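This is the structure I want to talk about, given as structure tokens.
Bear in mind that the values in this text are calculations on the coordinates, not laboratory data. Only a predicted model underlies this, so the values are computations on that prediction, with no experimental measurement involved. Because the Cβ atoms are built from the backbone with ideal geometry, glycine has one as well, and the counts that use them run over all protein chains shown.
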Amino acid sequence: MALLWNGDAALGPTVFKVLETDSLGSISVVQDSLAGKVWKIHKPVKNHRTEVHAASGFVAGEGDDIYIGWRSKLDIPEHAQTFAVFQWKAYGDNMMQNFPLVFKTLITGEIQLQYATPQKVHIGLWSAPLSRNEWNDFVLHLYISRDPAKGFVEFWYNGVQQQLAGSAARYYGRTLDAGHCDPKWGVYGGDAYTITNYVAALKIGPNYTGVAPKH
């Protein structure tokens, strides 16, 4: 089945809706020895964010069943905490959650997937030791809904489906907030640090096989 969106670095920045940088941040395409052409999303010290806001030409709506896949290599100091290196971010009026799902780094040296409830309670669904300066593969399966009994998330890390909230492969929750939600990659927060998030193989599609990073 055809992809719903392709964010390959070889296609250039028009694959994104907006490039978001502070004064000294940069977003560029570089050649990686393992991953080929990749996005280099660089946030200098004392800057608050450098992110790409995707996905040009695509908006997920109520009842959509989508998979989001990518690879990431984080050049980040040990124990540096960020607000986000990936966001499923809400836009529009009547915002309750702001970012229903987010990957962030913790001072414990871990990367964590968090879910935000409509009451803005942040629930840690999954965490693992962060392999700094190494490529890691991510796939999210999202059923898009404002109804927390219908919306859900599933997650694969380096090709292995993970248990969420410690007990199940599928976590139910509200995955659509405000007008719509978009994916964002990069670095948000961690102002005290220089951090670079290299991302590659960005895809949105209707199944796991189509978006899972290939090696």
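Would you calculate the volume per residue, in Å³, of the smallest convex hull containing every Cα atom of the range 159-215?
169 Å³
Which percent of the Cα-Cα distances in the range 5-211 go past 30 Å?
Counting pairs separated by more than 30 Å, the tail of P(r) holds 14 percent.
Would you please give the residues with an amide H less than 5 Å from that of F155, counting only those at least 5 places away or on a separate chain, with H modeled from the backbone geometry?
The list, which skips near neighbours in sequence, is H141, Q162.
Using a Gaussian network model on the chain with a 10 Å cutoff between Cα atoms, which of T108, T21, T175 fluctuates the most?
Fluctuation is largest for T108.
May I pose another question? Which distance in Å, rounded to a whole number, links the C-alpha centroids of the range 44-101 and the range 128-154?
Cα centroid to Cα centroid, the span is 11 Å.
Then there's this: Got a sec? Charge dipole of the range 1-135, +1 on Cβ for Lys and Arg, -1 for Asp and Glu; which of S131, A2, N47 is way out at the positive end?
Going by the charge dipole, the pick is N47.
A further question on this structure: I want to verify a result. In a Gaussian network model of the chain, Cα cutoff 10 Å, which of these has the top mean-square fluctuation: I123, I68, I76?
Evaluated over the chain, the most mobile residue of the options is I123.
At 7 Å along Cα-to-Cβ for each site, give me the label-to-label distance between A2 and T14 in nm.
Simple spin-label model gives 1.7 nm for this pair.
List the equivalent ellipsoid semi-axes of the range 41-129 in whole Å, largest first, each obtained as the square root of 5λ for an eigenvalue λ of the Cα gyration tensor.
For the range 41-129, the ellipsoid semi-axes come out as 23, 17, 14 Å.
Okay, next question. Based on the Cα coordinates of the range 98-215, what is the per residue volume of their convex hull in Å³?
Taking the convex hull of the Cα positions in the range 98-215, it is 125 Å³ per residue.
Just how large is the dipole of the range 47-187 about the Cα centre, in debye to the nearest 20, putting +1 at every Lys and Arg Cβ and -1 at every Asp and Glu Cβ?
In total the dipole reaches around 180 debye.
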